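Undergrad: Okay, handing you the structure first.
Please treat every number below as a calculation from the coordinates, not as lab data. In this text the structure is predicted, and so the values were computed from the model without any measurement. All Cβ positions, glycine included, derive from the backbone under ideal geometry; neighbour counts span all protein chains shown.
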Amino acid sequence: MYQTTVHVEGMMCGMCESHINDAVRKALPVKKVESSRSKKQTVILSEEPLEAQAVLDAINATGYEASDAVCAPYEKKKFHLFGR
């Protein structure tokens, strides 16, 4: 799995977040996408690494300003009971 984090300017509400999430889902093969207006970012999980320019293009096409797409390997955090 890979995590791509993108800085996004212009989100003002939950509908803005949804609009970006929908655009990313339609344009790219993703497992999960979440946008946060307060953090000014979109985080994407995918099976394969995503091309930064493709991610930026998908978001910028919605009218928001995307920059700094960073893709890195992602490993789901393991939950252990009682510190094991």
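Undergrad: So what J values fall out for the stretch 5-17 if you push phi through Karplus, 6.51 cos²θ - 1.76 cosθ + 1.60 with θ = phi - 60°, rounded to Hz, Gly and Pro as x?
TA: Karplus-based 3J(HN,Hα) across the stretch 5-17 equals 10, 10, 7, 10, 9, x, 6, 10, 7, x, 5, 4, 4 Hz.
Undergrad: So, one more: I need the phi-derived Karplus couplings for the stretch 38-51: 6.51 cos²θ - 1.76 cosθ + 1.60, θ = phi - 60°, integer Hz, Gly and Pro marked x.
TA: 6, 8, 6, 8, 10, 10, 10, 10, 8, 5, 10, x, 9, 6
Undergrad: Using θ = phi - 60° and the Karplus curve 6.51 cos²θ - 1.76 cosθ + 1.60, what whole-Hz ³J(HN,Hα) does each residue of the stretch 66-77 get, with Gly and Pro shown as x?
TA: 9, 8, 6, 7, 10, 10, 8, x, 10, 10, 4, 5
Undergrad: Now for a different question. Over the chain, what is the relative contact order in percent, taking alpha-carbon pairs closer than 8 angstrom and at least six residues apart?
TA: 43 percent
Undergrad: What nm value, rounded to one decimal, do you get for the distance between S67 and K26 when each label is placed 7 Å out toward the C-beta?
TA: 2.6 nm
Undergrad: Let me ask you something else. Among (1) 14.0, 43; (2) 22.5, 62; (3) 13.6, 47, find the value of Rg and Dmax of the Cα atoms in Å that was calculated from the structure presented, and write down its label.
TA: (3)
Undergrad: With charges set only on the Cβ (+1 for Lys and Arg, -1 for Asp and Glu), what does the dipole of the stretch 2-77 come to about its Cα centre, in debye to the nearest 20?
TA: Dipole magnitude for the stretch 2-77 comes out near 320 debye.
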